[in-house]
Amino acid sequence: MKKKPKVLAIVGPTASGKTSLSIKLAQKYNGEVISADSRQVYRQLNHGTAKITKDEMQNVPHHLIDVVDIDTVYTAADFKQDATKAITE
């Protein structure tokens, strides 16, 4: 039987430290980050989304940031499919 990957969800209000905590945990456990922010998936929404910069990522792989253009419909079903793919890879 194939072993399921371990997934940890970090949730909370804006500016509560979720991003920095996710990076620290990813570094400690050799993990990766999947953004679940509904606006950070859009390439053109850089202002007002607190989108993480490449430097802030500290070489931790991040997924589902800047994946579609603003005029593209991106649904919860699309997110589920893309997040599942990132987790299994």
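Ignoring everything except DSSP H segments at least 4 long, calculate the 222 nm mean residue ellipticity for the chain; use -39,500 (n - 2.57) per segment, divide by total residues, nearest 500.
It lands at -9500 deg cm²/dmol.
Can you pull the accessible area of T88 for me, 1.4 Å probe, Å² to the nearest 10?
Taking all protein chains as shown, T88 has close to 100 Å².
With a point put 7 Å past each Cα toward its Cβ, work out how far K6 is from S38 in nm, to one decimal.
Between K6 and S38, the simple spin-label model gives 3.1 nm.
Work through the residues other than N30 whose Cβ is under 15 Å from its Cβ and net out their charges, Lys, Arg +1 and Asp, Glu -1.
+1
Counting only heavy atoms of protein chains, what accessible area per residue, in Å², does the chain have with a probe of 1.4 Å?
On a per-residue basis, the chain sits at 80 Å².
So what are the ³J(HN,Hα) numbers for the stretch 65-77, from phi and the Karplus equation (6.51, -1.76, 1.60; θ = phi - 60°), rounded to whole Hz, Gly and Pro as x?
10, 6, 9, 9, 6, 4, 8, 9, 6, 10, 9, 4, 5
Amide H of I34 versus every other amide H placed in the peptide plane: which residues, excluding those fewer than 5 positions away on the same chain, fall under 5 Å?
Residues meeting the amide H criterion: H63.
Sorted by accessible area with a 1.4 angstrom probe, largest first, how do E89, E56 fall?
So the residues, ranked largest to smallest area, are E89, E56.
Taking 8 Å as the Cα distance limit and 6 or more residues as the minimum spacing, I'd like the relative contact order of the chain as a percentage.
28
Run the reach check for K4 against lysines, Cα to Cα strictly under 28 Å, same-chain hits fewer than 8 apart removed. What comes back?
Counting by Cα, and skipping residues close in sequence, K4 has these lysines nearby: K18, K24, K28, K80, K85.
Averaging over all projection directions, find the projected area of the Cα convex hull of the chain and quote it in nm² with one decimal place.
6.5
Considering only protein heavy atoms and a 1.4 Å probe, what is the carbon-and-sulfur percentage of the accessible area of the stretch 1-75?
On the stretch 1-75, the fraction of accessible area on carbon and sulfur atoms equals 54 percent.
The values are calculated or read from the model by the stated rules, or taken from the named source; none is laboratory data. Not measured: the values here are computed from a predicted model. Here the Cβ is made from the backbone with ideal geometry for all residues, glycine too, and neighbour counts use every protein chain on show. Accessible surface is based on the protein model in full, side chains and every heavy atom, while ligands, DNA and RNA are left aside. Shrake-Rupley method; radii C 1.70, N 1.55, O 1.52, S 1.80 Å.
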